[in-house]
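Presented below is the structure to which this report refers.
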Amino acid sequence: MKRNMDLIREILLALEVHPESNAYILNLSFPGHSEDEISYHCRLLFDAGMIDGECIPASGAPDKWMIRDLTWAGHEFLEASRDDNRWNKAKKIISEKTGSFSFEILKSILMDLMRGAISGG
């Protein structure tokens, strides 16, 4: 399955506004994305250290995720990617320069764009 950075961002945004502070079974849906795809991207977020939680394997169905919260890294990435204009600009820069997405490069560009906005550049 291909990694979808837009879905990663959507999941983080949805987790941030979830009203519960304790662990809960993730039951999110996003138009155009299957349960398998969402579960896979939760795995990626967990592996990247952006969410605190655990996988609950499901036989014959997509794995479920018990998410406790975003981690510091998850919050940092979310803050850098929150602004739609900055997000789209970073994706455009990557697309034009490399044609493929690396998480670390995306994060670095987002941070550069954020620093530029602060310094007025």
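Structure notes:
- Contact order normalised by residue count of the chain, Cα under 8 Å, 6+ apart, percent: 22 percent
- Overall dimensions of the chain, expressed as equivalent-ellipsoid semi-axes from the Cα gyration tensor (√(5λ), whole Å, largest first), are 27, 17, 11.
- Working note: Cα gyration tensor of the range 32-78, eigenvalues times five, square-rooted, sorted largest first, giving semi-axes of 20, 12, 7 Å.
- P(r) weight above 14 Å for the range 5-71, C-alpha pairs, percent: 53 percent
- Length available on full extension from Asp69 to Arg3: 0.36 nm per residue minus the Cα-Cα distance, which gives 21.6 nm.
- Ordering Leu15, Phe30, Met5 by Cα displacement along the dipole of the chain toward the positive end leaves Met5 in first place; charges were set at the Cβ atoms of Lys, Arg (+1) and Asp, Glu (-1).
- Order of Glu96, Glu37 under a 10 Å beta carbon neighbour criterion, fewest first: Glu96, Glu37
- Simple spin-label estimate for Asn27 and Ala14 gives 1.3 nm between the two label positions (7 Å along the Cα-to-Cβ direction from each Cα).
- Calculated FRET efficiency for the pair Lys92/Arg115, C-beta based, R₀ 25 Å, to 0.05: 0.90
- Given charges at Cβ of Lys, Arg, Asp, Glu: the range 41-118 dipole, positive-most of Ser102, Pro57, Gly116: Gly116
- Integer Hz, Karplus 6.51/-1.76/1.60 couplings in order for the range 83-93, x for Gly and Pro: 6, 4, 5, 5, 4, 5, 5, 4, 5, 5, 4
- Long-range Cα-Cα pairs in the range 67-121 (distance over 19 Å), rounded percent: 29 percent
- On the basis of the beta-carbon distance and an R0 of 25 Å, Glu104 and Ala58 show a calculated FRET efficiency of 0.20.
- Taken about its Cα centre, the chain carries a charge dipole of roughly 500 debye when the Cβ of each Lys and Arg holds +1 and the Cβ of each Asp and Glu holds -1.
Any read-out appearing in this document is the output of simple, stated calculations on the displayed coordinates, not a laboratory observation. Computed from a predicted structure; not experimentally measured. Positions of Cβ are backbone-derived with ideal geometry, glycine not excepted, and every protein chain shown enters the neighbour counts.
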